[in-house]
1. Within the stretch 50-60, can one find any residue that is within 25 Å of D18 (Cβ to Cβ), out of contact with any Asp or Glu (no Cβ under 9 Å at 6 or more places or on another chain) and of a type in the set (S, T, N, Q)?
2. Between residues in the stretch 21-44 that are free of Cβ contacts under 8 Å to residues at least 12 places away in the same chain and under 20 Å from A85 (Cβ atoms) and residues that are among the acidic types (D, E) and loosely packed, with under 13 Cβ neighbours inside 10 Å, which pairs lie under 6 Å by C-beta distance while being six or more apart or on different chains?
3. Restricting to the stretch 63-87, give me the number of residues that are farther than 23 Å from P104 by Cα and small (G, A, S).
Amino acid sequence: MSVLALGGYQTAISQVEDARQAEARLLARLTANLARATARPVRDQAEFMQALHDNDRFWSQIAADLAGDGNRLPETLRAGLISLAGFVLGHSAALRRGEGEPQPLIDINRAVIRGLSGVTGAE
């Protein structure tokens, strides 16, 4: 492989890793906000609703990106993540109605963070 080709390949890999790292960092921050909003003995509804809203925005954007023609992830992975986004948005709607618990959202986010970070298995 030529030095020029190798440099281009390394740049492309670096950009993909940077995007994955950025998504993982953003999702970690959203997850921390959601966990903090739910950890209090008496939930601050405004803080909780804002955390849900921010988490929904992330998942809505991810779903839109996954559904786009330019997305290069394998089709089965894209479909699975879109389905997961649908669950997250539906569960958030139920939480806004006072139904259910937020822990499944936190667990999903943490699992996706591990995947984006290249961590496999349980920790």
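1. Yes, the stretch 50-60 contains at least one residue that is within 25 Å of D18 (Cβ to Cβ), out of contact with any Asp or Glu (no Cβ under 9 Å at 6 or more places or on another chain) and of a type in the set (S, T, N, Q).
2. Short answer, once both residue conditions are applied: none.
3. Qualifying residue count, the stretch 63-87: 3.
None of the figures in this text is laboratory data; all of them are computed from the coordinates on show. This is a predicted model, so every value here is computed, not measured. Methodologically, a virtual Cβ is constructed for each residue, glycine included, from the backbone with ideal geometry; neighbour enumeration extends over all protein chains shown.
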